[in-house]
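Written below as structure tokens is the structure these notes are about.
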Amino acid sequence: MNDEWRKVMPECGDLQQDAILSASVLNWIKNQCGGSWDIYHICPLKGGVSSVVYEIQLQRNEEHAIWVLRQYTDRAWLAEEPDVVLHETSALNIVHRNGMNSPNWIASDPEGSHCGEPSVLMTRLSGEVILMPDDLTSWLAGIAQELALLHRKKIEPFPWSYYSYIDPSQFRLPGWTTRPKAWEEIARIIKEPPPNCTPRFIHRDYHPGNVLWERGRVSGIVDWVNACLGPPGIDVGHCRVNLVQLHGLEAADHFLDLYFDHVQGEQGIEYSAYWDMLTLASYVDVELMVYQGWVDLGVTHLHKDLLAARLDEYAESLLRRS
């Protein structure tokens, strides 16, 4: 087993035999390290909503390792993207080769023939998700710097390309808005042809819930399954619409400034409010709901009225930038 897979972990008692995963899954996991390591403990990880994720703790004599098993159980997603395991596997390998702080791929079960569900096994990065930081400025700076680092990478061709999650011509104004004219203008703008841009390797689901922190610094980025070649503004916009809801407009704008401080002079990376508008339109739904992943991670103060007010304010701010 590669030394990079080994993580020091606190002693947590006698070897446990968990019934969370079947014997077939456990045997498949053990086979990935030649059967010489024992599974010490298994626990579900919170924060995901479209797959189930487990932390797998292993030991061999005095050595310890922590892996992560991700199992795809969303039938609608699997029907739409049956090669999702291959997609994540390819993304993990390419970002690792290019020096990004990301999990190392270990093994895949694309059809679920061993694990019962399509599955990916990877190393666990050290660190934790922080959504409500004590130092908001430093937190935003770390998130912005890591995204800029990704977008500055000259990554080789990748089989998956960006496509919009919505048909802009079908966008309908959210029923909860109190600023319909702003949304009407956004609806008009996103129906126009998108601005020209140089495709870069993008995460495609970049937001604070996929950023890990340790000792006040970003320790890595997770959840690369949607990675593709596409407009960098999609990553920026997706992160900003999450920041608006979590911390308000000022935080989202500060993140934008910090990001462009890091990509200044990088050819082909320019701001366009179009991508912010498109990601905003992709995010809202008829019924506004607090993201369950945030609730699972301890963010319980958000409510629909607050989110609606923040998103309305954000919509108007984007028109001022367009």
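Give the residues of segment 166-179 that are surrounded by 14 or more Cβ atoms within 10 Å (Cβ to Cβ) and not aliphatic (A, V, I, L, M), sorted by residue number.
Across segment 166-179, the qualifying residues are 168, 171, 174, 176, 177, 179.
Determine which member of the set 125, 69, 92 is in contact with a strand residue (DSSP E or B) (Cβ under 7 Å, 6 or more places away or on another chain), buried (at least 18 other Cβ atoms within 10 Å of the Cβ) and part of a helix (DSSP H, G or I).
Sole residue among the options that is in contact with a strand residue (DSSP E or B) (Cβ under 7 Å, 6 or more places away or on another chain), buried (at least 18 other Cβ atoms within 10 Å of the Cβ) and part of a helix (DSSP H, G or I): 92.
Can you confirm whether segment 131-144 contains a residue that is modelled with pLDDT under 95 and either in a loop (DSSP other than H, G, I, E, B) or within 27 Å of residue 45 (Cβ to Cβ) (or both)?
So far as segment 131-144 goes, no, none of its residues is modelled with pLDDT under 95 and either in a loop (DSSP other than H, G, I, E, B) or within 27 Å of residue 45 (Cβ to Cβ) (or both).
Considering segment 284-316 alone, what residues qualify as being crowded, with 18+ Cβ neighbours inside 10 Å and hydroxyl-bearing (Ser, Thr, Tyr)?
If the condition is that a residue be crowded, with 18+ Cβ neighbours inside 10 Å and hydroxyl-bearing (Ser, Thr, Tyr), then 291, 314 are the ones that fit.
Do we have residue 36 as at pLDDT 80 or above, polar (S, T, N, Q), exposed (fewer than 15 other Cβ atoms within 10 Å of the Cβ) and not in a loop (DSSP other than H, G, I, E, B) here?
When the stated conditions are applied, residue 36 does not pass them.
Tell me the helices (runs of 4 or more DSSP H) entirely within segment 220-322 that contain at least 1 residues that are under 21 Å from residue 197 (Cα atoms) and modelled with pLDDT of 95 or more.
Counting at least 1 such residues, we get 232-247, 249-262, 273-283, 304-321.
The values are calculated or read from the model by the stated rules, or taken from the named source; none is laboratory data. In this text, all values refer to a predicted model and were calculated from it rather than measured experimentally. Cβ atoms come from the backbone with ideal geometry, glycine included; neighbour counts cover every protein chain shown.
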